[in-house]
Amino acid sequence: PCEPKTLIRAAKDNQETNPDFAVDVGMCALGWLFKGYGYEVTSIDVLAAYESTMKAAQAIGMEEEVRSRISEAVKFGLTERNWVAEILARKV
């Protein structure tokens, strides 16, 4: 397990200079958030992970693929009543 806020920061810091890496760490951050990891995580953290990941994905022409992967996780999360999925459902 990894602190999602660390990954969120890495995604944000690298979204323009190394977008491939930013997408990877952004998706990891979202994965850990879905699993309930993180200290005092808020909806702002979830949205920051999503926004940084999507901005990086757009930079490398993978926006639709990444949005689709997140959307699938959201669909599954909603069946589990996952709060992270409920936040992201408004975005995807």
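Worth pointing out:
- Whichever lysines have a C-alpha closer than 19 Å to that of K75, once near sequence neighbours (fewer than 8 apart) are set aside: K35, K91
- Of all the options M62, M27, M54, the one that moves most in a Gaussian network model of the chain with Cα springs shorter than 10 angstrom is M62.
- Along each principal axis, Cα extent of segment 1-50, largest first, Å: 28, 19, 13
- Solvent-accessible area, 1.4 Å probe, carbon plus sulfur percent, for the chain: 51 percent
- Distance cut-off 19 Å, percentage of C-alpha pairs in the chain lying past it: 31 percent
- Whole-number D in µm²/s for segment 37-79 (Stokes-Einstein; Kirkwood sum over Cα pairs; 25 °C, 0.890 mPa s): 217 µm²/s
- Helix-only CD estimate at 222 nm, as mean residue ellipticity for the chain, using -39500 (n - 2.57) per DSSP H run (n ≥ 4): -23000 deg cm²/dmol
- Extension gain (nm, one decimal) between S71 and A89, 0.36 nm per residue minus Cα-Cα: 5.7 nm
- Rounded to the nearest 10 Å², the accessible area of K5 at probe 1.4 Å: 80 Å²
- Build a GNM of the chain with springs between Cα atoms under 10 Å apart, and of T53, T42, T79 the one that fluctuates most is T79.
- Theoretical gain in end-to-end length, D20 to I60 [0.36 nm per residue, Cα-Cα removed]: 13.7 nm
- Size of electric dipole in segment 51-92: Cβ of Lys, Arg +1 and of Asp, Glu -1, about Cα centre, debye, nearest 20: 120 debye
- The residues of the chain present an accessible area of 59 Å² per residue when probed at 1.4 Å with all protein chains retained.
The values are calculated or read from the model by the stated rules, or taken from the named source; none is laboratory data. The shown structure was predicted, so the numbers you read here are calculated from the model rather than taken from an experiment. Positions of Cβ are generated from backbone atoms using ideal geometry, with glycine treated the same way; all protein chains shown enter the neighbour counts. Heads up: the accessible areas ignore ligands, DNA and RNA and are worked out on the full protein's heavy atoms, side chains in. Shrake-Rupley method; radii C 1.70, N 1.55, O 1.52, S 1.80 Å.
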